[in-house]
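K.L.:
Mind having a look at this structure? Questions to follow.
The values are calculated or read from the model by the stated rules, or taken from the named source; none is laboratory data. What you are looking at is a predicted structure, and each value in this text was computed from that prediction instead of being measured. Here the Cβ positions follow ideal geometry from the backbone for every residue, glycine too, while neighbour counts run over all protein chains shown. Quick note on the areas: whole protein, heavy atoms, side chains included, nothing else; ligands and nucleic acids left out. Shrake-Rupley method; radii C 1.70, N 1.55, O 1.52, S 1.80 Å.
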Amino acid sequence: MLDIAPMAEALAGVVMELQDCALPSLKNVISTTDVKEAFTDIDFAILVGAMPRRQGMERKDLLKANAKIFVEQGQALEKYAKKTVKVLVVGNPANTNCLIALTCAPSIPKTNFTCLTRLDQNRAQSQIASRLGVSNDCVSNMIIWGNHSSTQFPDAAHASAVVGGCTANAVEAVKDDAWLNGDFISTVQKRGGAVIAARKLSSAMSAAKAICDHVRDWYFGTKGDKWTSMGIYSNGSHYSLPENIVYSVPVRIAPGGEYTVVDGLKITDFARSKMDATAQELLEERNAAWDFLPTS
């Protein structure tokens, strides 16, 4: 675990907590403030730390602060990590921070970089499950398109739900298009803000659970015809998405980590407009962040 020097004592407390969990697969924890020690020969990197948006900050100020952090993280990955390292960016704005990091680590495949939208997927899944009065594991194949922001598009059109022992399309099971196209979407989009308003702190337990879900699926693979949502580098070959952004799409993952985009899904005009809106935001974020990247 890596943190800045002023947080070394707090980091030691996290080590104690991990030890006290008696986790069955945990052998050892190294906590450090040294970048080289933290990144050398790692297999996975989970980049959680980022500058939060503070009162009075404009988005460009947030992008500038985080560009510096993720330039350094990307350069550290380039210099010290295995070229097979798998990188999950959690710190917000996660999609654009991920793009910055992968840009600064050119010898590591772009496909090895992802950002977290599993928390949004879990939120959407739980909303559908609650609406249907079923447990969360009865809902599958929810999709999050785009940015981990208030423009993201939680899409239930291709999801499945098991209700009363029978599997049905989630939209047909819910039978309420007004809710699905309205409150459902806005609830998921604004859930992070709602958590902050209630707790006075950002999501912690649910974010940690989503990180575990993401990494588990990336390592062991998705099962059967199931898919999951991940922010990945867009090369422009899927769903008419722009190139050179990190955009959340549905993927199937083989054991060992190779993933493929779930192509061929029917996209309605409503969905297309939502997908394009979040892509446009990502383009704007990218263009703003690029002003703060090193020129060489």
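K.L.:
Take every DSSP beta bridge whose two residues both sit in the chain, then give the antiparallel share in percent to the nearest 5.
P.N.:
Bridges in the chain that DSSP calls antiparallel: roughly 70 percent.
K.L.:
Tell me, what is the percent relative contact order of the stretch 165-263, built from C-alpha pairs under 8 Å that lie six or more residues apart?
P.N.:
20
K.L.:
Translational diffusion coefficient of the stretch 174-226 at 20 °C, 1.002 mPa s, Stokes-Einstein with Kirkwood Rh over Cα pairs, in µm²/s as a whole number.
P.N.:
Estimated diffusion coefficient is 158 µm²/s.
K.L.:
Right, here's the next one. Going by amide H atoms built from the backbone, whose H comes under 5 Å of the H on VAL89, apart from near neighbours?
P.N.:
Excluding prolines and chain starts, which carry no amide H, the hits are LEU47, THR114, CYS115, LEU116.
K.L.:
If you don't mind, there's one more thing I want to ask. Share of the chain's accessible area from carbon and sulfur, percent, 1.4 Å?
P.N.:
C and S fraction of accessible area: 53 percent.
K.L.:
Next up: Roughly what would the spin-label model give for THR32 and SER206, points 7 Å off Cα along C-beta, in nm?
P.N.:
With each label point 7 Å from Cα toward Cβ, the separation is 3.5 nm.
K.L.:
Can I ask one more? Multiplying the sequence separation of LEU23 and ARG199 by 0.36 nm and subtracting their Cα-Cα distance, what value in nm do you get?
P.N.:
60.6 nm
K.L.:
Under the rule that a partner needs its Cβ under 4.7 Å from the first Cβ, which Cys of the chain have none?
P.N.:
Result for the chain is CYS21, CYS104, CYS138, CYS166, CYS212, no neighbouring Cys Cβ within the cutoff.
K.L.:
Can you tell me the accessible area per residue over the stretch 141-236, all protein chains present, probe 1.4 angstrom, in square angstrom?
P.N.:
48
K.L.:
What percent of all Cα-Cα pairs in the chain falls in each 5 Å bin, counting up from 0?
P.N.:
Percent of pairs per bin, in order: 1, 5, 11, 16, 18, 17, 14, 9, 5, 3, 1, 0.
K.L.:
Please report, largest first and rounded to whole Å, the three semi-axes of the ellipsoid equivalent to the stretch 23-104, where each semi-axis is the square root of five times an eigenvalue of the C-alpha gyration tensor.
P.N.:
Equivalent ellipsoid of the stretch 23-104: 25, 15, 11 Å, largest first.
K.L.:
Taking the highest mean first, how do the peptides 240-250, 190-200, 284-294 order by number of other beta carbon atoms within 10 angstrom per residue?
P.N.:
240-250, 284-294, 190-200
K.L.:
Over the stretch 1-150, one equal point on each Cα, no solvent: what is log10 I(q)/I(0) by the Debye formula at q = 0.16, 0.19 Å⁻¹?
P.N.:
Log10 of I(q)/I(0), two decimals: -1.04, -1.21.
K.L.:
Contact order normalised by length for the chain, with contacts defined as Cα pairs under 8 Å and 6 or more residues apart; what percent is it?
P.N.:
Dividing the mean separation by the residue count of the chain yields 17 percent.
K.L.:
Can you give the Kirkwood hydrodynamic radius for the stretch 86-132, in Å, rounded to one decimal and based on Cα pairs?
P.N.:
When all Cα pairs of the stretch 86-132 are included, the Kirkwood radius is 11.9 Å.
K.L.:
Could you give the dipole magnitude of the chain about its Cα centre, charging the beta-carbon of Lys and Arg +1 and that of Asp and Glu -1, in debye to the nearest 20?
P.N.:
The calculated dipole for the chain is roughly 160 debye.
K.L.:
A further question on this structure: Could you tell me how far the Cα centroid of the stretch 1-65 sits from the Cα centroid of the stretch 263-296, in Å?
P.N.:
28
K.L.:
So what are the ³J(HN,Hα) numbers for the stretch 109-126, from phi and the Karplus equation (6.51, -1.76, 1.60; θ = phi - 60°), rounded to whole Hz, Gly and Pro as x?
P.N.:
Listing the rounded values in order: x, 4, 5, 7, 10, 9, 10, 7, 10, 5, 4, 5, 4, 4, 4, 5, 4, 5 Hz.
K.L.:
How big is the accessible area of TYR233 in square angstrom, nearest 10, if you roll a 1.4 angstrom probe over the protein chains?
P.N.:
Counting only protein heavy atoms, the figure is 60 Å².
K.L.:
Let me ask another. May I ask for log10 I(q)/I(0) of the stretch 152-296 at q = 0.13, 0.21 Å⁻¹, from a Debye sum over the Cα atoms as equal point scatterers with solvent left out?
P.N.:
-0.77, -1.54
K.L.:
Once phi is turned into θ = phi - 60°, what whole-Hz ³J(HN,Hα) does the Karplus curve with 6.51, -1.76 and 1.60 give for every residue of the stretch 79-88, x standing for Gly and Pro?
P.N.:
Residue by residue, the stretch 79-88 yields 7, 10, 7, 4, 6, 9, 4, 9, 10, 10 Hz.
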